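The values are calculated or read from the model by the stated rules, or taken from the named source; none is laboratory data. Quick caveat, the model's predicted, so the values are computed rather than measured. Note that each Cβ is placed from the backbone with ideal geometry, even for glycine, and that neighbours are counted across all protein chains shown. Side chains included, ligands, DNA and RNA excluded: accessible areas come from the protein's heavy atoms. Shrake-Rupley method; radii C 1.70, N 1.55, O 1.52, S 1.80 Å.
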Amino acid sequence: KAGVTQTPRYLIKTRGQQVTLSCSPISGHRSVSWYQQTPGQGLQFLFEYFSETQRNKGNFPGRFSGRQFSNSRSEMNVSTLELGDSALYLCASSTYGDEQYFGPGTRLTVT
Amino acid sequence: SQQGEEDPQALSIQEGENATMNCSYKTSINNLQWYRQNSGRGLVHLILIRSNEREKHSGRLRVTLDTSKKSSSLLITASRAADTASYFCATDAGNQFYFGTGTSLTVIP
């Protein structure tokens, strides 16, 4: 099976803009989770989608949102970007939310 | 606050030696998992241990779990240069995954 893919791999945005990141899970996986990784805060859970419904949510402001489509592909959107949003955004898929398979990540730089 | 804390933060050993890293967490869990990350790339799942298990092996990896102490350890035996990476524990508390701060392992050839 193909692994988890994330697009784009690198992104540079300006403060105040918005951005959409995409994640394609492993075929057959219905759960998709998103994480933000920064040197200072480490890996932090953003949210999890299962069968198109947000099942769990971390402690991030409403500027961070996501959705999942019927084919399990997921998108994450960040509006009104801030410098502190610069991070590696990781997507992970799993069958029911246990063992997770991570994509290579999207490195977002906000200037 | 983060659920998991790894110890030590950094570890440097010679090839062939064993590496042990520890993880402590705060709340009840369904399972605990260990992941490896190379140079700021995606994480690779290593092993999962459920809350009713005490020890698990996978190749050169040995994981223990002590739910009374809310701690886990990962032992990598006969380390190789290719094991150089950051290692994270992740706890499944039912509503979300919490990742620890990570242990940076360097294996010197």
**OP:** Might you let me know whether the range A:42-51 holds any residue that is crowded, with 22+ Cβ neighbours inside 10 Å and under 16 Å from A:Tyr10 (Cα atoms)?
**Re:** no
**OP:** Answer yes or no: is there a residue in the range B:6-22 that is touching a residue at least 40 places away in the same chain (Cβ under 8 Å), among the charged types (D, E, K, R) and within 28 Å of A:Thr5 (Cβ to Cβ).
**Re:** no
**OP:** Could you list all residues from the range B:19-56 that are modelled with pLDDT under 95, open to solvent by less than 70 Å² (accessible area, probe 1.4 Å) and in a loop (DSSP other than H, G, I, E, B)?
**Re:** B:Tyr25, B:Thr27, B:Ile29, B:Asn38, B:Gly40, B:Gly42, B:Ser51
Original post:
Given A:Ser33, A:Ser22, which one is open to solvent by less than 40 Å² (accessible area, probe 1.4 Å), among the hydroxyl-bearing types (Ser, Thr, Tyr), under 10 Å from the mean Cα position of the chain (by Cα) and within 14 Å of chain B (Cβ to nearest Cβ)?
Top reply: A:Ser33
Original post:
Given the conditions (1) over 24 Å from B:Gly100 (Cα atoms); (2) out of contact with any Phe, Trp or Tyr (no Cβ under 9 Å at 6 or more places or on another chain); (3) outside any loop (DSSP other than H, G, I, E, B), and given that A:Gly84 satisfies all but one, which numbered condition is not satisfied?
Top reply: (1)
**OP:** Just name the residue that is surrounded by the fewest Cβ atoms within 10 Å (Cβ to Cβ) out of those in the range A:87-106 that are assigned to a loop (DSSP other than H, G, I, E, B) and touching a Gly at 6+ places or on another chain (Cβ under 8 Å).
**Re:** A:Thr95
Subject >> Any chance B:Tyr87 is hydroxyl-bearing (Ser, Thr, Tyr), closer than 22 Å to A:Tyr89 by Cα and touching an Asp or Glu at 6+ places or on another chain (Cβ under 8 Å) >> reply: yes
Original post:
Quick one: how many residues across the range A:58-75 are open to solvent by 50 Å² or more (accessible area, probe 1.4 Å), in a loop (DSSP other than H, G, I, E, B) and of a type outside the set (Phe, Trp, Tyr)?
Top reply: 6
Original post:
Within the range B:89-109, can you find the residues that are open to solvent by 10 Å² or more (accessible area, probe 1.4 Å) and hydrophobic (A, V, I, L, M, F, W, C)?
Top reply: B:Ala93, B:Phe97, B:Ile108
**OP:** Specify the residue that is nearest to the other protein chains (Cβ to nearest Cβ); the eligible residues are those in the range B:87-104 that are under 8 Å from the mean Cα position of the chain (by Cα) and among the aromatic types (Phe, Trp, Tyr).
**Re:** B:Phe88
Original post:
Looking at the range B:57-84, which of the residues that are among the hydroxyl-bearing types (Ser, Thr, Tyr) and within 15 Å of B:Gln33 (Cβ to Cβ) is surrounded by the most Cβ atoms within 10 Å (Cβ to Cβ)?
Top reply: B:Ser72
**OP:** Count, please, the residues in the range B:1-18 that happen to be assigned to a loop (DSSP other than H, G, I, E, B), within 24 Å of B:Val107 (Cβ to Cβ), modelled with pLDDT under 95 and open to solvent by 40 Å² or more (accessible area, probe 1.4 Å).
**Re:** 1
Subject >> A:Gly58 being within 13 Å of chain B (Cβ to nearest Cβ) and on the phi > 0 side of the Ramachandran plot >> reply: no
